[in-house]
Structure formats: C-alpha cells, structure tokens
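Read through the structure below, which is laid out as structure tokens, and then see the notes.
Read-outs: derived from the displayed coordinates by stated rules, not from any lab. Being a predicted model, the structure only gives us computed values, none of them experimental. Here the Cβ positions follow ideal geometry from the backbone for every residue, glycine too, while neighbour counts run over all protein chains shown.
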C-alpha cells in the first residue's frame, strides 16, 4: 500500500527532475533494482524502468526460497545473490531506504559499486515533518489559512527544516509573504533571501508592517509569547502558529508531560 508521503513526494516536480536526471546517468549501465514492492510497481508504471534501462535483476528478500524466477519478464533474486550477479549499479526503490542501504553495505559488503536511492530527503527530517503536518491535518488548515490571509500580508517566523518541509509540499506563493524571520538572520546581508523571500531578524518584522506573523515551528508557545510581550509589543499584528494543535496537546508540550 502506497503511503501519503510517497504520493506527495512523487507528485513534486523536483522529484521527477531528480529521478529523470539519475536515470539518464545510468541508462547504459547494468542495473539491479533493490525492492519489488508497491513503490517499484507504481514508479515503473510512470517511468517504465523495464523498457528504458538494462535491468539485469530485481532483488528483494521476498524472493528468498519463493520459487519465483521472473517479474514482468525480469529476473528476480534474493539480496544474497547480488554479489553473484554481473551489475554496475544498484537502485534502491524503497521510500525509506535506510535499512536497505545498511544491509547492502554492512551485510553484503558492497564496495566500489554505484548505489543509488530513488527517494532522497531534500530537507533533514523531511519524512518526519511531513507526517507531523498530516497528524495535525495541515491540508485542511492550509486551505483555511489561504482564505483568512486573502488580501493580507504575512511574515513567516522560522526558517528551520519544519518550515522548509512546508514549503516543499505546499504552495506558499498563494500567501502574501513579505519576509522570512529567524534569529539566524540577525546579521543577514543586505538583500539576502531564503527560498526567494527576503529575510529579516525578529526585531525587523515590524518594519514590514504585516497583518500576520505565522510561526512555522513545531513548538511555538514560547516564541509567540516572546513576540507578543517583547519583540512586537504594542505593534498591531496578529501572531498565530502556522499549524493548529489541540489545547491539551499544547498544554502537555508546555509541561513536558
């Protein structure tokens, strides 16, 4: 069964561009695909690996003593047979390739071979952050945010991996974002940008006169308090978290319950 992360990730233009670039690099090599699950089947429908590449085998632990010798006309092997196969490159198809890579390098002792993964996190903790957004129903919340900010301006507070994951999977261009604020931008260069947006320190937020400040962090209570009572005290601006969590969840986070 394909995950929500798989569906969202493979819908990205960057994923398509990166994979096509990688396929172009290995088109003349002898390839072993590692992983014959739903991910491989779905991607093969779109990219037709079996027609565009020289696939010498598909490796998967489920083929160990299975009696199956082919999959769609392609030879199948157990991973233990990889070192007995003539190949140039291993392409790992799992959306979370960590265990497969560990097995390939540690158990099979594969060296001096081109080992690639189809799924690569462009942002640290990308998958974890994606599911955090799903947990709090950000798809629905983002639609509400879009409607609420229509005709309004906003500064986003937070330029960490959480905000970067949001930007990756959601079209922030529908929001009228004036700048991205973060403490790490306190000594920013003139005209410095972050993913195409102007950057500013927290103290510079008021210069943009935004209608909203959207706090794009997982834990946000202390940040909102600092903005409200110190940094933006007396400034007419609405401060709100970019995600909404149940009150009980927030209370537990505050008290580390």
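Helix 138-148 and the long axis of the chain differ in direction by around 40°, with both axes built from C-alpha atoms.
What share of the DSSP beta bridges in region 4-117 is antiparallel, in percent to the nearest 5? That works out to approximately 10 percent antiparallel. For the peptides 239-246, 137-144, residues were scored by their other Cβ atoms within 10 Å and the scores averaged per peptide; the highest-first order is 239-246, 137-144.
Between the Cα long axis of helix 38-47 and the first principal axis of the chain there is an angle of about 90°, rounded to the nearest 10.
What share of the DSSP beta bridges in the chain is antiparallel, in percent to the nearest 5? Taking every DSSP beta bridge with both residues in the chain, the antiparallel ones total about 10 percent. Legend: P(r) of region 210-257 from all alpha carbon pair distances, 10 Å bins from 0, whole percents, reading 26, 51, 22, 1. Scaled to the globular estimate 2.2 N^0.38 Å, the Cα spread of the chain, given as radius of gyration, is 1.29.
Evaluating kT/(6 pi eta Rh) at 25 °C and 0.890 mPa s, with the Kirkwood radius of region 134-257 over Cα pairs in the Stokes-Einstein relation, gives 164 µm² s⁻¹.
If the segment from residue 250 to residue 41 were pulled out straight at 0.36 nm per residue, it would be longer than the present Cα-Cα gap by 71.2 nm. Each peptide in 64-70, 128-134, 14-20 gets a packing score, the mean of other Cβ atoms within 10 Å over its residues, and the list from highest to lowest is 128-134, 14-20, 64-70. Our summary of shape: the Cα atoms of region 4-117 have principal axis extents of 37, 30, 27 Å, ordered from largest down, in whole angstrom.
For region 172-239, the C-alpha radius of gyration divided by 2.2 N^0.38 Å, with N the number of residues, is 1.07. Note that region 1-64, at 20 °C in a medium of 1.002 mPa s, gets a Stokes-Einstein diffusion coefficient of 168 µm²/s from its Kirkwood radius over C-alpha pairs.
Could you please state, rounded to a whole Å, how far the C-alpha centre of region 154-197 is from the C-alpha centre of region 45-110? About 40 Å separates the Cα centre of region 154-197 from the one of region 45-110. Put simply, when 231-238, 218-225, 180-187 are sorted by average Cβ atoms within 10 angstrom per residue, most first, you get 180-187, 218-225, 231-238.
Rg over Rh for region 134-197 works out to 0.98, both radii taken from alpha-carbon positions and Rh defined as the Kirkwood radius.
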